[in-house]
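Participant: Would you mind keeping the following structure in view while I ask a few things?
What follows draws every value from the coordinates through simple rules; no lab data is involved. Fair warning: this is a prediction, and the values are worked out from it, not measured in the lab. Counting neighbours? That spans all protein chains shown, and the Cβs are built from the backbone with ideal geometry, glycine included.
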Amino acid sequence: MGRVHADGGKSTRDLIDARKLIELLPLKPGDTFLDAGCGDGFISLEAVKAVGDEGMVIAVDIYPPSVEALRSAAAGIKNILMLLDDITGRLPVPDGTVDIYFMANVFHGIVANREVDLLLAEVRRLLRNGGKLAIVDFKKIPGTPGPHLDLRLSEDEVIGILRENGFEVEDVVDAGSFHYLVVGSPL
C-alpha cells in the first residue's frame with residue numbers, strides 16, 4: 001500500500017453535513033458512487049440513500065479502523081462495497097463503472113504526497129463516459145479546522161491541477177463554512 005496521509009483516520013463528520021453535500025452532487029438513483037478515502041463512511045452511508053437500491057456505493061480507505069467502523073455501521077446494507085485499499089493504486093473495480101468519483105478532505109494529501117498522476121490515472125480508468133470527479137476540500141482560510149494552512153489548496157489551485165491533468169472543471173460550489181466542492185470530468 002502507498003503512504004498513509006498524516007491526517008489519515010481522522011473524521012470530519014462534525015465539519016461536513018453529508019446530506020447537504022450529497023444534494024450538491026450530480027448523483028441520481030442507479031448511479032455508482034466511489035467514496036475515495038471514505039473514513040468512517042458517514043458520506044458513503046448518505047450516498048447509499050441517493051443511489052437507491054439500483055445503485056452502488058464503493059467506499060475505499062487505507063486506514064483499517066475506518067473501514068471496520070463503516071463495516072459495522074453498514075451491516076445489512078446490500079449496495080455498499082467496502083475496500084481496504086490505496087486509492088493511488090489499481091482498485092479491484094472494473095473499468096468505466098463509476099458515475100461519481102468522490103473524495104472529501106483527501107486531495108490536499110494526494111498533492112502533498114506527489115501522487116496526483118497516480119490518482120488521476122485511476123480516476124480516468126474507473127469513470128464511465130460522462131462520469132464526474134468531485135473533490136471537497138478545506139478552504140484555505142487561516143484559523144479554521146483542518147490541516148495546516150501550508151497543506152491546503154485553494155479552489156483555484158485545485159482547478160489548475162485538474163486542468164493541467166486533462167480535466168474540464170464544470171462547477172465550483174461553496175460547500176459550507178470550511179469546505180468547497182470542485183466537480184470536473186476528463187476531457
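Participant: What is the gain in length, in nm to one decimal, between ASP53 and LYS78 on full extension, counting 0.36 nm per residue of separation less the C-alpha to C-alpha distance?
Facilitator: Full-extension gain reported as 8.2 nm.
Participant: Can you return the aspartates and glutamates within cross-link range of LYS20? Criterion is Cα-Cα under 20 Å, with same-chain partners fewer than 8 residues away left out.
Facilitator: The reachable aspartates and glutamates, counting only those whose Cα sits under 20 Å from LYS20, are ASP31, ASP35, ASP40, GLU46, ASP99, ASP137, GLU155, GLU170, ASP171, ASP174.
Participant: So how far, in whole Å, is the C-alpha centre of the stretch 18-88 from the one of the stretch 98-134?
Facilitator: 15
Participant: At 7 Å along Cα-to-Cβ for each site, give me the label-to-label distance between ASP117 and LEU149 in nm.
Facilitator: 3.2
Participant: Rg and Dmax of the chain, using alpha carbons, in Å: what are they?
Facilitator: For the chain, the Cα-based Rg and Dmax read 14.9, 42 Å.
Participant: With an 8 Å Cα cut-off and a minimum separation of 6 or more residues, compute the relative contact order for the stretch 24-186 in percent.
Facilitator: Across the stretch 24-186, relative contact order equals 19 percent.
Participant: Now a separate question. Taking 8 Å as the Cα distance limit and 6 or more residues as the minimum spacing, I'd like the relative contact order of the stretch 86-128 as a percentage.
Facilitator: RCO, the stretch 86-128: 67 percent.
Participant: Measure off 7 Å from each Cα along the Cα-to-Cβ vector at ASP156 and LEU15, then give the distance between these two points in nanometres to one decimal.
Facilitator: 2.2
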